[in-house]
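Heads up, the thing below is written out as structure tokens.
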Amino acid sequence: MFSEQFIVYFPYILAALMTFLAVCIAYAAYRINELHKMYDHIPGPERKSFWTGNLNYITTADKEGKHFGDLLLDLVKKYGHTFKLILISKPLVVSVNQEAVKELLVTGGHKKSDDIYKRASKVFGKRCLGNGLVTETNNEKWSLKRNLMNPAFKREYLIELMGPFNECVDKLIVQLYKLAADKSPVCMMTQFSRTTLDVLSKVAFDKEVNSLENDDSQFPTAIRSIMDGMSIKKLSPYVQVCNT
């Protein structure tokens, strides 16, 4: 079935492929080892695997139905306001320190991560936030777009919006009283998220969503689907070509 020439050279071809594979593995191991040494000075959980790093923390939390934010909160309590996670060959440094956040996001002029912010431009193959202010990672273009929005954040204008702010907060208090009277468990993250949605829709788009009072509102569900889509897109890049 095979020519004699192929049979003669097959061991050499196989040896070449094995050598190439060994070189690739060795190079990958070298790069990951250098990455570990680069971030070893930052506190963080112990790596369970040389190759996958701290990936098991996320996969275990996902299997347990634990929210990623809760996982980060647990790590903040254990390792302080700044810590690291190594996800295979990608480091993730988390900080809740005010000065660090201000330096990284406001005053430092640091470039935003394309990997994180561009995930929101399209979700499930459909346009989500597009190439707007939130997803723009070019600092010069971002500054131009931000300057157009600056008048909306003037103190004089924000004072005029205190009425809608207080109205939505009053609705939150009434909602919490009802839940307390029924002795029902309350997810404060959900309540605050719905309040924020009501405030933004009212002051920015002059639209009454009333997601706090309307449990059947489609807006919170849609936003949750977007957030889930962004997470899925990170773990499964091929989902971005899906139109469903």
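The values are calculated or read from the model by the stated rules, or taken from the named source; none is laboratory data. Just so we're clear, the structure is a prediction, and the values are computed from it rather than from any experiment. Every residue, glycine among them, receives a Cβ derived from its backbone with ideal geometry; neighbour counts consider all protein chains shown.
Structural remarks
- Look at the stretch 159-184: where a residue is over 16 Å from VAL199 (Cα atoms) and a partner is outside any loop (DSSP other than H, G, I, E, B), sitting 6+ places away or on another chain with Cβ atoms under 9 Å, you get LEU176/MET188; LEU176/GLN191; LEU179/GLN191; SER184/LYS178.
- Residue match in the stretch 199-218 (condition: under 24 Å from ALA120 (Cβ atoms), under 20 Å from the mean Cα position of the chain (by Cα) and surrounded by 14 or more Cβ atoms within 10 Å (Cβ to Cβ)): no
Residues checked against (1) of a type in the set (S, T, N, Q); (2) surrounded by fewer than 11 Cβ atoms within 10 Å (Cβ to Cβ); (3) at pLDDT below 90:
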{"residue": "SER3", "(1), (2), (3)": "yes, yes, yes"}
{"residue": "VAL8", "(1), (2), (3)": "no, yes, yes"}
{"residue": "PRO11", "(1), (2), (3)": "no, yes, yes"}
{"residue": "ALA16", "(1), (2), (3)": "no, no, yes"}
{"residue": "THR19", "(1), (2), (3)": "yes, yes, no"}
{"residue": "VAL23", "(1), (2), (3)": "no, yes, no"}
{"residue": "ILE32", "(1), (2), (3)": "no, no, yes"}
{"residue": "HIS36", "(1), (2), (3)": "no, no, yes"}
{"residue": "GLU46", "(1), (2), (3)": "no, yes, yes"}
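- Residue identified as touching a residue at least 40 places away in the same chain (Cβ under 8 Å), surrounded by 11 or more Cβ atoms within 10 Å (Cβ to Cβ) and either closer than 21 Å to LEU55 by Cα or in contact with a Lys or Arg (Cβ under 6 Å, 6 or more places away or on another chain) (or both) among LYS84, LYS126, LYS90: LYS84
- Pairs with Cβ under 8 Å, 6+ apart, first in the stretch 101-121 and farther than 20 Å from MET230 by Cβ, second charged (D, E, K, R): HIS110/GLU103
- Unique residue being touching a helix residue (DSSP H, G or I) at 6+ places or on another chain (Cβ under 8 Å) and assigned by TED's automatic domain parsing to the domain that holds VAL96 when the list is LYS77, LYS48: LYS48
- Here PRO151 clears all of (1) closer than 29 Å to SER113 by Cβ; (2) under 27 Å from the mean Cα position of the chain (by Cα); (3) modelled with pLDDT of 80 or more except the condition numbered (2).
- Selection within the stretch 219-238 - over 16 Å from the mean Cα position of the chain (by Cα) and modelled with pLDDT under 80: TYR238
- Within the stretch 172-229, the residues that satisfy the criterion of being hydrophobic (A, V, I, L, M, F, W, C), in a helix (DSSP H, G or I) and over 24 Å from LYS66 (Cβ atoms) are LEU172, ILE173, VAL174, LEU176, ALA180, ALA181, VAL199, LEU200, VAL203, ALA204, PHE205, PHE219.
- Here LEU75 fits the description: more than 15 Å from the chain's Cα centre (by Cα), surrounded by 12 or more Cβ atoms within 10 Å (Cβ to Cβ) and either under 23 Å from HIS36 (Cα atoms) or of a type in the set (Ser, Thr, Tyr) (or both).
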